[in-house]
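Remarks on the structure that follows.
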Amino acid sequence: MATASQHPARKRRADSFFGIHYDFHAREDCTEVGQRVTRTMIERLVTLVRPDYLQCDCKGHPGISSYPTRVGTPAPGFVRDQLAIWREVTAAHGVALYVHYSGVWDAAAIAAHPDWARIDEHGASDPHNTSVFGPYVDELLIPQLIELAQDYAVDGAWIDGECWATAQDFGAEAQRRFQAATGLDRLPVKRSDPGFAVHAEICRQGFRDYLQHYVDAVHAVVPDFQICSNWAYSSYMPELPTAAVDFLSGDYPLNNSVLAARFEGRCLQHQGRPWDLMAWSFSGSWGNPANSTKTVVQLQQEAAMVLALGGGFQLYVKQNRDGSIREWVLPILAQVATFCRARQRWCHQARPVPQVAVLNSVADFYARNDRLFSPWSGHTNGMQGVLHALLDGQLACDLVTEQQAAERAGDWPVWVVPETAHLDTAFRDQILAAVRAGAGLVLLGPEAVELFATGCGLAFTDDAAQEDTRFLHHQDCLTGLTGRRRTVARRRGDQVIGQLYPKDEAYGPSQPAALVRRHGAGRVVVAPLSLGACYAAGRRHVLRDWLVSLVRAAGHQPLVEITGSHLVDVTVMRKQGDLLINLINMGGPHADDRAYVFDEIPPLGPLTITLTLPRRPQRIMLRPGRRSLPFRWRKGRAVVTLDRLEVHAIVQVEGLQS
């Protein structure tokens, strides 16, 4: 095989923007791997789509390798080495090649080495997942990654089945560490058992050590081999990166994908590493093979959400059982690639302008999670609901963890703490210091209000939170909310925003839905009722508008305001000194789980865009393209009109640098 030095230079992942991912998780049925894989096939993919990188199959969750490995378990039969063909073609065209490799989840390794398995709470061996405390990492994973790097000159690995597959381990090593930490002999099974949180953290740390160990070991032998652990340091594991992974990535769900990308991208953009998100190019129901390929416009809408947040974008496309590809899909991929490339100059690696910070508490995430990692316990539903409500209200929001904002909480003009029950005291004090200096603070949910009650001088008129249904009255309309709530004592000078009624009528006994009071130079808005999960379960305009009014009452003056439609998602980014306002059309049935595939997103417009700026800009442009947008300038505001928004457009504001 030709060496990498004989071919055009390939982009490193940090500089890559658009890619295509293939995998097929080889099993015992793969007896003719490579039969239909040809150079012509891969060359057509490369020349038509022109990706920065490709990712292809090498070892999936069954643990069977789709290339003739000397280290792991090869597929039963090969006609030709499909991985070698992928490498030869991509290298010849200067396209980077990564492999899909399943890490913790490896059924074949456990079948061959039962002592490598995780032990579950019943003392049984996990048939799918290896133990992060065991020899699997040294005896298979590290040697196989080195084999791929040295024998195939593969650029890196997108390692699947990692943090989200890792579960609490009840084996001997976990037992030893637990006894050393607690003095207890019995490992806890239920959350109510003594030492449950300690055992969970021991297992989490086991995964962190496992990840750091294999990344360092592979880099020591092949320093240029680039590694990602799927969903590490994301919404699944929201802590700051500690292992030397080269990039962050994750594959968001095949349905309700636009909202998923909207959330997941915000979890990655402040992590300080190159990142991308992977869209499933097809839709359907889990476990049903009758899926359908998404349309160009559907994938463009998903891509726009990722690009608007500054990340890279990749598409997951199914690979056939012999390693070949479905060529009929290539024109769709090419059109999506063209859409993305037209926006790369203004989107890729742009950074958000601090506006509204929605707290994504790491302490709360782990304290309330029934799993080691991943948000599948539903404990982030309230936070996600609040985020989507504010974004639907066209406020530019970041998701920010305590670690990301350490010593810089004052960078954001407003903080929203959404239904958070656990928070580090030192970070709470940082937020309060920012408020005393002039920032705004919005506390949502009884638990969040309780966390800040002493620091903000809040008193309750009830003894504890209760769960019931109340009707929120705001702007001459009502909406029902079922959740936990408390009542805060009203002080003279407090402003009231909204009322809660026991029935769907605005008369009779009521209580304030939210109170606003001064705190130093800033303002605190207190709304001690759970509402994020309500919005996540069913979007409603009254709740959206009320939440937006709370943020405004905290003193927030949005940099961007849109009139003409509520179906516009807004991000405020900066790149090379220019302000970049991304506008995404949120129309169409993307959030309808029954609408697997759709081919139309009704255009929006005309839209009036008002920008609050420190000085008059030199010019305002509409991107992609070269269209100049005329604007009116008065009292620090530029007003422009956009006649039509199809899927995604960027308003570029030039000349604001000092």
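Every read-out reported here was derived from the displayed coordinates using simple, explicitly stated rules and does not represent laboratory data. All values reported here derive from a predicted model rather than from experimental measurement. In this analysis, Cβ positions are derived from the backbone assuming ideal geometry, glycine residues included, and neighbour counts consider all displayed protein chains.
Computed from backbone phi with θ = phi - 60° and the Karplus coefficients 6.51, -1.76 and 1.60, the 3J(HN,Hα) list for the range 580-586 is 10, 9, 8, 10, 10, 6, 8 Hz; x is used for glycine and proline. Structural descriptor for the range 354-553: relative contact order 25 percent, calculated from alpha carbon pairs under 8 angstrom and at least 6 residues apart. With respect to the chain, whose longest principal axis is taken over its alpha-carbon atoms, helix 425-436 is tilted by about 50°. A straight line joining the Cα centroids of the range 11-31 and the range 290-345 runs 13 Å.
Using Cα pairs closer than 8 Å and at least 6 residues apart in sequence, work out the relative contact order for the range 560-654, in percent. Please list the in-between numbers first.
Values: 192 pairs, mean separation 32.4, N = 95.
About 34 percent, as a whole number.
Counting only residues at least eight positions apart within a chain, or on another chain, the lysines with an alpha carbon under 21 Å from that of Lys318 are Lys59, Lys294. Across the range 613-625, computed HN-Hα scalar couplings (Karplus, 6.51 cos²θ - 1.76 cosθ + 1.60, θ = phi - 60°) run 10, x, 7, 5, x, 5, 7, 10, 10, 9, 10, x, x Hz from first to last residue, x flagging Gly and Pro. Computed from label points 7 Å out along Cα-Cβ, the spacing between Arg574 and Cys477 is 3.5 nm. The angle separating the long axis of helix 142-152 from the principal Cα axis of greatest extent in the chain is about 70 degrees.
Among all stretches of the chain without exposed chymotrypsin sites (Phe, Trp or Tyr not before Pro) (DSSP loop, at most 10 other Cβ atoms within 10 Å), which one is longest?
On the way: sites that count: Trp286, Tyr507.
It runs 1-285.
Which FRET efficiency, nearest 0.05, do His422 and Asp193 yield, Cβ-Cβ r, R0 22 Å?
On the way: r = 19 Å, r/R0 = 0.87.
For R0 = 22 Å, the calculated efficiency reads 0.70.
Using only the alpha-carbon atoms, how far is helix 39-49 inclined from the longest principal axis of the chain? Give it as 0 to 90 degrees, nearest 10. Rounded to the nearest ten degrees, it is 20.
Per DSSP helix of 4 or more residues, -39500 (n - 2.57); summed, then divided by the residues of the chain. What does that give at 222 nm, rounded to the nearest 500? Write down the numbers at each step before the final one.
Values: 15 runs with 179 residues, N = 658.
It lands at -8500 deg cm²/dmol.
Taking GluC sites (Glu not before Pro) across the range 1-110, the ones in a DSSP loop with at most 12 further Cβ atoms lying within 10 angstrom of their Cβ are Glu28. Amide H to amide H, with H built 1.01 Å from N, Phe17 comes under 5 Å of Asp52, counting only residues 5 or more places away or on other chains. Evaluated with a Cβ-only charge set (Lys, Arg +1; Asp, Glu -1), the range 95-239 carries a dipole of roughly 540 debye about its Cα centre, given to the nearest 20.
For the range 131-214, which trypsin sites (Lys or Arg not before Pro) are in a loop by DSSP, counting at most 12 other Cβ atoms within 10 Å? Intermediate values should be presented prior to the final figure.
Values: sites: Arg176, Arg177, Arg186, Lys190, Arg191, Arg204, Arg208; in loops: Arg186, Lys190, Arg191.
Passing sites in the range 131-214 are Arg186, Lys190, Arg191.
How much of the DSSP beta bridge set in the chain is antiparallel, as a percent to the nearest 5? Write out the running numbers ahead of the final one.
On the way: 68 of 119 bridges.
Approximately 55 percent, going by the DSSP bridge assignments.
If r is the Cβ-Cβ distance from Arg39 to Phe598 and R0 is 41 Å, what FRET efficiency results, to the nearest 0.05? It comes to 0.70.
Electrostatic tally near Phe598: other residues with Cβ closer than 11 Å to its Cβ, Lys and Arg +1, Asp and Glu -1, net -1.
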